[in-house]
Structures are given as structure tokens and as C-alpha cells.
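The values are calculated or read from the model by the stated rules, or taken from the named source; none is laboratory data. All values reported here derive from a predicted model rather than from experimental measurement. Here the Cβ positions follow ideal geometry from the backbone for every residue, glycine too, while neighbour counts run over all protein chains shown.
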Amino acid sequence: MEKPTTSPISTTKHGDVLIVLSNNPPVNALGHAVRHGLVAAIEEAEADNSVSAVVIACEGQTFFAGADVSEFGTPKAFEQPMLPQVVDRIESCTKPVVAAIHGTALGGGLEVALACHYRVAVPSAKLGTPEVKLGLLPGAGGTQRLPRVAGVRQALEMCATGNPIGAKQAFDCGLIDRLIEDELIPHAVGYAEEVRDVRPLPKSSERQYKLNECDPTVFEEFRAANAKRFRGFDAPEANVRAVKVACEKPYAEGVLEERKLFMELMSGTQAKAQQYFFFAERKAAKIDGLPEGTQPRDIKRVGVLGAGTMGGGISMNFLSAGIPVTIVEMSQEALDRGTGVMLRNYEASAAKGKLTAEQVGKAMGLLEPTLDFEALGQCDLIIEAVYENMDVKKEVFGRLDKIAKPGAILASNTSYLNVNEIAASISRPGDVVGMHFFSPANVMKLLEVVRGDKTEPDVLLTAMQIGKKIRKVPVVAGVCHGFIGNRMLMPRQVEATKLLLEGASPQQVDRVHVEFGMPMGPFQMADLAGVDIGWHRDPNRVENVRDALCAIDRWGQKKGAGFYDYDEKRRPSPSPVVQQIIEDFAEKQGVERREISDQEIVERTLYTMVNEGAKILEEGTAQRASDIDVVWVYGYGWPVYRGGPMFWADTEGLDKIVEGLKRQEERMKPEFSFSQLLLDKAGKGERFTR
Ligand code: T1G
């Protein structure tokens, strides 16, 4: 066993208790050096007769937060001792081992804690098995020990969803033996001294009584309750099977089944995609080329112009993060309506137990609704969420330019308008940035931060950092029509509409997208968002299918009819009226209808999105291909088990993407043109992503 040069694991004795401390920033990931150090520390404890008990703890922000994901796919992941050996060695220690938990004990970190004979934690700690979010399952005994310690239902929920639980809930289900309100390590040592003579040592792998609740129906009920959420994913079902095995087989056999399931997942494309995405979403927060020493501006108060759906949702993000908001409307009625919607949204969250009444009161207490536009003069960041029209935006920015204090950041929530043009219309273009929230703004995680040509670096940095502070996933976008997400939506919509005339139905196009893993297809999405968005509002001007639908009030779900008919519960059904409109249009335009294959739909809607993403890259509108993937997973529900459009294209093979587009090129003219970057990379056998 090759000994690493410097060990992140140190040991010190406190009386007859050996304290094993990991110092492996930033999250004490269980890389090779840590694994090696833990085994060495257990050997040391056993060899030292003066040691009667062991405490394992971590320095820094958290207890072990799991295996080192950056080792996956590299030889380091297989360097001895691997995590299963580490946890088994801890459990086999002849002296009691106590895990002292703070921060987030996740994945392999929780597996280390489960191998310990006891677990203590501070109340703020969280414990979880998020491997499923990486397309995996706990591969170091977690699926076998967790149900034995916390119970089957708790283990199922944690392993198959990946959601952590708090220390109090962990204590209540038996995962934690004691909550430590004061200083963790000294009290963990005190706990170790209390239990040092208790025998036999309580080994998680040997517990059986918690499995007795293992009514076979619990698995079927769980599967049924989560079928929609797990649709298309491999890992959740593997986690369910692994936990079920814990109820059916002795630990030694169960852990072999766990290992088999783990290796199957690890070798699959979904795990690769989800592990890629884990790093992609963290990379998105970084700004390439930021001048050294750039500091964010201090944001004490945020101003929001407009209390409509977007303005209200945007305001809630800041209020929930404890940032005061001044919200301005033009009429008391609009202001009251907007603040009323915000309160009802908060109350709905409280009714679901997501918030306490006190938290709702605190958030709303930070809101200053006013009709006084000048009140925005006290704000450090002002976000306008007014009507999506350039003239209106310029008028608003002109007024803000006059009253905003020096150094205030002026942000537009525009979803596709030219931020450079807006910035050029005022005296301080450097303070202007786009902050494109996705609707509903208080729910959707994605935030496109649009960098204008003149946007100051500290303005961009401030927008990115405050985006993270309000629990968004901010991505830098350059200025173009639709930035990153909506820009790629356009060729998809163009081709989807042409496919209707050529012979596909809305339900066929949507089915192909849903089977691919999208939450809904283009036409379902249009009906949900509103078919009338962007419509010219003239019912006598009917130039395409969309105009025809809007002209007869088929504006989507909100009108009970759009591309689909809807019943009183908004359940969709294919519409003969729409089918007739499509066929009439095809005839009028002399389009000969034909049988359209599903593959053609994939090539003309999904491959064209990849092509557009390549153009976005070659223009520099996105910093990196993985940012495009982050936009599509968080903004439009692209299935994360495919990594995002650009990672998926790499997985398909760029040569295959190009071949498919060449097959469709004639049908897609004149709108379609090849990205040179895509052609170049395909020709050289290169990838967009790692
Ligand atoms: N491995 C490697 N690097 C990690 C890491 C990990 N497990 N977790 C975080 N990092 C890096 C991250 O890339 C970033 O790096 C920095 O730490 C800060 O992260 C066998 C197989 C712990 C809640 O899935 O959930 O155990 O960008 O920005 O917001 O069964 O990180 O600074 O260069 O997220 O404070 C299971 C994943 C692994 C936990 C902290 N564990 N991490 O959140 O910081 S698989 C996980 C998190 C496993 C075993 C299986 C979060 C966090 P950089 P951050 P944060």
C-alpha cells in the first residue's frame, strides 16, 4: 500500500481517547490520502493499549462530504484502500469509534459514520446519501447499513432521492446517537468516554431489528409514489433494489449485491453524464478573464420595478435570502395585487411545511411596496421587470439613470432584448447588466447573467455572486437574441412548426421529446406558457398556424385550448380543430404532407439545438459548452442523465449529429446553416465537453 507523502489525517490523544482529525479542504472528500490515513489511524488506536476509544472528526466546513468525485474514472479511485475496505476496517475496530459530525456528512462520509459504532452531531448538521444525483448508489455499505440503523423507509427516501436530512430528524430515526449543542469535539470525546467499556460494540451491519418493518409493499408504494420523478433515471431504481436486498439477505451477501449494482451504474452513460454535470454547474459560477482583484459591489437593498408575475417572483428570491426589497408599481391596485400574490405564495410554502409562519413574516417584513419611483434611489441593485418592449425598457432606464444613486447596478430582466442597446441609452452603461430570471422566478433555479459590451467586471461579478446568494444557478451569457437558452429554443420551434405542416402532429413531436426525457414537448410548452406570447394581437392577420390558433382564442391552457384541447383538470387531448388548421395551412402553402419518422423529429429539433449551441460557443456568447448544458438542465428540464445538449451530442458522436443535419439540411433551409465549429470538431473527432 503506497503511503501518500503528507497525510490529511492527524491523530492526537485526549486522555485515553484517540482523536482522528481530517483536514482535507474544501469538503474533506475521501480521496486516497484520507482513506489511507483513516485506516492507519484505526491501526494506531488498536496498537496503543492506552487508547480505549476513538473519535473521528473533520476540520473546516464539514465532515467528510463523500468520495472524491474528481477521482472517478481515474486510477486514483482504485488505489488501496478503497472506501469499502476503509469502512469495514473502522467497524472491525476492537475499540468504540465515535463519528463527530458537523456540516454535511454525505455519501461516503455518511458511510464512514455508519461504520463507526456511534454517531454524534451538532444540530445544524445534515446527513445524506446523494450518490443517486451522480447516477450512483452508496457503494461502501451505505445501502445495507443505513436501513439497519435508520429504518427502511428513511433509507429508501435518502438513497433514492439523494435528499439529506437534518440532525434532529437523524436523531429521531436513530441515525444519530446524541445531538451536541456545544463544542463538538470535546463533547464527542466525552461521549466516547461514556461508551468506552460498552460491549458488544454496536455494529450497524449486524443490526436486524430495524429491518422488521420491511413490509414488501413499502418498496412498491415508494416506486409508485416516485414514478414520475424517477422517469428515465437508472440510479433511483438501483437504490431501491439495493435497500430491498438489505431486507432479504445477510449483510455480507447484501453488500456484494450493492457492489454489483454500483459497478453497473458506474459503467453506464447516465452516471458519466451526472458526474460531468456536478462539475459543470460549479464551473458555471466562474467568470473567465475577470481582472485580478475585482471585488463585488455591496448590495444592501434591491429595487424591483414592476410587481407583476416576474417582479413579484424576483422580489421573493431576495426577501427569502434576507435582502430588503423596494418594489415599485404604477398603481396601488397593481401594487396590492402583486404583494398579495407574493404573500399567498409564501403562505402556500408554509402550508406545505417548507417555511414557518415566522419566516414568512420576516420575508414580507423586508418588503417596501411603493408607488414612489424615486424610492429606488436608495437601492444598490435595481431590476426592472416591465413590459418586454425596447422602447419601454429605454424609457425606464432613462428615468432610473436620473434617480439611481452612483454605483447602483441597473439590471434588466429582459428575456431576449439587446442589453447593449439598453445600456447605450443611458449615461452609465458600465452599471448595466441583464439578469434574466426564468418563470416562475421564485422557483426556477436558472439565472442568465447577460454581460453587455460595456458592463463593468465588478457589476458582472456582483450579479453572479448575488445570484448564488439567492440560491440561483447563475450562468454568464453574452448579448444576442435570446442569449443562450431562448436562442437555442428558436431553431427548435421553427423546425417543430414546419414539421406540423409536413405531416407530424403536435402530439407526435411532443411524444418524441418526452420519450427523450424532456418534461414536455414544444407544443405542450407553448400551451403552458401561452401560445399568444409574442403574437401581434391582430386576429385578422393570420400568417401561420400560431396566428390561426390565437385568432380563435386558442391561447393555450389558460383558455382551455391551444395546440391541444383541455378538460376542466387541464388534461390535454389531441384537437381535431388544430389538425384541420394545420392541414388547411399545408394545402394553402402547397406543402405535400408525408409520414414523418421520430428520428427526423430528433434530427430537426434536437440536433439543430446542438448546432445553435455550437454557434453560441464560436461567437463567445457562452463561456464554455458546459454552461450551455447548465442552462438547459436548469432552465428547460433537459434530463440531467443525458448531461445537457452539448454533453449529449458528444455522447451521440458529433459525426452522427452532422450526418443527421446533412440528411435534413434541404428541408431546413433557408433558416438553417451549419456551425463551422461543429463541422470542425466533428471532422477532427473532438468533443465539446470533457
Ligand atoms: N468530491 C470532490 N470535490 C468536491 C466534492 C466531492 N465529493 N464535493 C464538493 N467538491 C468540491 C466542489 O467541486 C467545489 O470545488 C468545492 O468542493 C466546493 O463545493 C462511495 C461513491 C458538500 C454540500 O455528492 O453536495 O461518496 O469549484 O461549491 O456549496 O458511496 O459540495 O471550489 O473547485 O458545492 O458549500 C457523494 C457533493 C460523492 C457531495 C458543499 N457526495 N458535494 O456545498 O460548495 S459519491 C456528494 C456537495 C460517494 C460513495 C459514493 C457540496 C457540499 P471548486 P460547492 P458548497
- All conditions in (1) more than 16 Å from the ligand (Cβ to nearest atom); (2) surrounded by fewer than 24 Cβ atoms within 10 Å (Cβ to Cβ) are true of Phe78 except (1)
- In the range 573-620, what residues are touching a Phe, Trp or Tyr at 6+ places or on another chain (Cβ under 9 Å) and either part of a loop (DSSP other than H, G, I, E, B) or modelled with pLDDT under 95 (or both)? Ser575, Val591
- Item | Candidate set from the range 323-342 (those that are at pLDDT 95 or above and touching a Phe, Trp or Tyr at 6+ places or on another chain (Cβ under 9 Å)); member that is farthest from Ala375 (Cα to Cα) | Pro324
- Given the conditions (1) in contact with a Pro (Cβ under 6 Å, 6 or more places away or on another chain); (2) under 18 Å from Met158 (Cβ atoms); (3) of a type outside the set (Asp, Glu), every one holds for Lys210 apart from (1)
- Task: Would you please list the contacts, defined by Cβ atoms under 8 Å and residues six or more apart or on different chains, that run from a residue in the range 190-208 that is closer than 18 Å to Val17 by Cα to a residue that is surrounded by fewer than 13 Cβ atoms within 10 Å (Cβ to Cβ) and of a type in the set (Ser, Thr, Tyr)?
- Result: Leu201/Thr94
- Message: Looking at the range 465-486, can you tell me whether even one residue there is outside any loop (DSSP other than H, G, I, E, B), of a type in the set (A, V, I, L, M) and closer than 20 Å to Val304 by Cβ?
- Response: yes
- Query: Regarding Val20, is this residue under 22 Å from Glu131 (Cα atoms), among the hydrophobic types (A, V, I, L, M, F, W, C) and surrounded by 23 or more Cβ atoms within 10 Å (Cβ to Cβ)?
  - Reply: no
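Given the range 223-342, what helices (runs of 4 or more DSSP H) lie entirely inside it while holding 2 or more residues that are surrounded by fewer than 19 Cβ atoms within 10 Å (Cβ to Cβ) and within 16 Å of the ligand (Cβ to nearest atom)? Spell out the reasoning first.
On the way: elements: 235-248, 251-266, 269-283, 309-320.
Output list reads 251-266, 269-283.
For residues that are outside any strand (DSSP E or B) and polar (S, T, N, Q), scanning just the range 1-44, find the one that is modelled with the lowest pLDDT.
As a first pass, look at the range 1-44 and keep what is outside any strand (DSSP E or B): 1-8, 15-16, 23-29, 31-44.
Okay, now just the ones that are also polar (S, T, N, Q), so 5-7, 23-24, 28.
Details: Thr5: 61, Thr6: 78, Ser7: 91, Asn23: 97, Asn24: 97, Asn28: 98.
It comes out as Thr5.
Just a yes or no: is a residue in the range 339-356 in contact with a strand residue (DSSP E or B) (Cβ under 8 Å, 6 or more places away or on another chain), acidic (Asp, Glu) and over 24 Å from Gly467 (Cβ atoms)? Please lay out each step first, then the result.
Start the filter on the range 339-356 by keeping residues that are in contact with a strand residue (DSSP E or B) (Cβ under 8 Å, 6 or more places away or on another chain), which leaves 339, 342.
Still in the running and acidic (Asp, Glu): none.
No.
Is it the case that Gly613 is under 21 Å from the mean Cα position of the chain (by Cα) and surrounded by 22 or more Cβ atoms within 10 Å (Cβ to Cβ)? Walk me through how you get there before you give the answer.
Details: under 21 Å from the mean Cα position of the chain (by Cα): yes; surrounded by 22 or more Cβ atoms within 10 Å (Cβ to Cβ): yes.
Yes, satisfied.
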- Item | Members of the range 25-59 found to be among the small types (Gly, Ala, Ser) and touching a residue at least 40 places away in the same chain (Cβ under 8 Å), listed by number | Ala29, Gly31, Ala45, Ser52, Ala53, Ala57
- Query: Between residues in the range 101-115 that are in the same structural domain as Ala67 (by TED's automatic domain parsing) and in contact (Cβ under 8 Å) with a residue 40 or more places away in the chain and residues that are among the acidic types (Asp, Glu) and in a helix (DSSP H, G or I), which pairs lie under 6 Å by C-beta distance while being six or more apart or on different chains?
  - Reply: Gly107/Glu131; Ala115/Glu91
- Message: I'd like the residue in the range 125-155 that is surrounded by 24 or more Cβ atoms within 10 Å (Cβ to Cβ) and among the charged types (D, E, K, R) and, out of all such residues, is nearest to the ligand (Cβ to nearest atom).
- Response: Glu131
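Considering only residues that are hydrophobic (A, V, I, L, M, F, W, C) and touching a residue at least 60 places away in the same chain (Cβ under 8 Å), look in the range 409-434 and name the one that is nearest to Gly312 (Cα to Cα). Steps first, answer last, please.
Let us first name the residues in the range 409-434 that are hydrophobic (A, V, I, L, M, F, W, C), namely 409-411, 417, 419, 422-424, 426, 432-433.
Add one more test, that the residue is touching a residue at least 60 places away in the same chain (Cβ under 8 Å), and what stays is 409, 419.
Working: Ile409: 19, Val419: 22 Å.
So, considering only residues that are hydrophobic (A, V, I, L, M, F, W, C) and touching a residue at least 60 places away in the same chain (Cβ under 8 Å), the one nearest to Gly312 (Cα to Cα) is Ile409.
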- If you take the residues in the range 424-449 that are part of a strand (DSSP E or B) and touching a Ser or Thr at 6+ places or on another chain (Cβ under 8 Å), which one is surrounded by the fewest Cβ atoms within 10 Å (Cβ to Cβ)? Val433
- Task: Could you give me the residue pairs with C-beta distances under 6 Å whose first residue belongs to the range 578-599 and is in the same structural domain as Gln524 (by TED's automatic domain parsing) and in contact (Cβ under 8 Å) with a residue 60 or more places away in the chain, whose second residue is part of a loop (DSSP other than H, G, I, E, B) and aromatic (Phe, Trp, Tyr) wherever it lies, and which are 6+ apart or on separate chains?
- Result: Val578/Phe563
- Sole residue being under 24 Å from the mean Cα position of the chain (by Cα) and either in the same structural domain as Leu447 (by TED's automatic domain parsing) or of a type in the set (Gly, Ala, Ser) (or both), chosen from Gly353, Gly365, Gly361, Gly377: Gly353
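Can you name every residue in the range 77-92 that is part of a loop (DSSP other than H, G, I, E, B) and free of Cβ contacts under 8 Å to residues at least 60 places away in the same chain? Outline the logic, then answer.
Going through the range 77-92, the residues part of a loop (DSSP other than H, G, I, E, B) turn out to be 79-82, 92.
Hits for the range 77-92 are Met82, Ser92.
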- Message: Can you find a residue that is farther than 29 Å from Phe516 by Cβ and of a type in the set (Phe, Trp, Tyr) anywhere in the range 221-228?
- Response: no
- Item | Search result, residues across the range 634-690 that are of a type in the set (Asp, Glu), assigned to a loop (DSSP other than H, G, I, E, B) and more than 27 Å from Leu499 (Cα to Cα) | Glu686
- How many residues are more than 32 Å from the chain's Cα centre (by Cα) and either buried (at least 21 other Cβ atoms within 10 Å of the Cβ) or of a type in the set (Val, Ile, Thr) (or both) when one looks only at the range 206-222? 1
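Out of everything in the range 40-75 that is among the hydrophobic types (A, V, I, L, M, F, W, C) and touching a Gly at 6+ places or on another chain (Cβ under 8 Å), what residue ends up being farthest from the ligand (Cβ to nearest atom)?
Step one: of the range 40-75, the residues among the hydrophobic types (A, V, I, L, M, F, W, C) are 40-42, 45, 47, 51, 53-58, 63-65, 67, 69, 72.
In the following step, the residues that additionally are touching a Gly at 6+ places or on another chain (Cβ under 8 Å) were identified as 58, 63-65, 67.
Working: Cys58: 11, Phe63: 10, Phe64: 8, Ala65: 4, Ala67: 4 Å.
Looking at the filtered set, the residue picked out is Cys58.
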